[in-house]
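See below for the structure under consideration.
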Amino acid sequence: MLVTLEDAKTHLRIDHDADDAFLTKLIASAVAIAVNFTGDPAILTLDPVPEDLRLAILTGVANAYDHMGGGTFAPTEAMAPLLTPYRVWAF
């Protein structure tokens, strides 16, 4: 697993369980964005997970969590600089 629920809660400094189900969905969404952006589902199997890839997922989760009440939600824009090295370019 690229990022666990505990990783996300630590990153967001959340010490309660009220948002666990929501955070789990945000993690899955951020992972899907990462796979779609990179075009490489093999990133799901990296072991150990590179720290910049973990941070990209956590950035996407944080972006979504911070904007759950509205506002500008741009996870791909926030995640792109960290995901670009893993992108598979096809022409």
Of all residues making up segment 25-59, the number that are within 11 Å of the chain's Cα centre (by Cα) and among the β-branched types (Val, Ile, Thr):
6
Looking at (1) more than 12 Å from residue 84 (Cα to Cα); (2) at pLDDT 95 or above; (3) of a type in the set (A, V, I, L, M); (4) buried (at least 16 other Cβ atoms within 10 Å of the Cβ), which one does residue 56 not meet, given that it meets all the others?
(1)
Specify the residue that is nearest to residue 86 (Cα to Cα); the eligible residues are those in segment 25-39 that are surrounded by 16 or more Cβ atoms within 10 Å (Cβ to Cβ) and either in contact with a Gly (Cβ under 8 Å, 6 or more places away or on another chain) or among the acidic types (Asp, Glu) (or both).
34
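Helices (runs of 4 or more DSSP H) wholly in segment 10-91 with at least 2 residues that are touching a His at 6+ places or on another chain (Cβ under 7 Å) and free of Cβ contacts under 8 Å to residues at least 40 places away in the same chain - which ones?
On the way: elements: 20-38, 51-66, 75-83.
In segment 10-91, there are no helices (runs of 4 or more DSSP H) which contain 2 or more residues that are touching a His at 6+ places or on another chain (Cβ under 7 Å) and free of Cβ contacts under 8 Å to residues at least 40 places away in the same chain.
The values are calculated or read from the model by the stated rules, or taken from the named source; none is laboratory data. Predicted model only: the values in this text are computed from it and were never measured. No Cβ is skipped: glycine too gets one built from the backbone with ideal geometry, and neighbour counts run over all protein chains shown.
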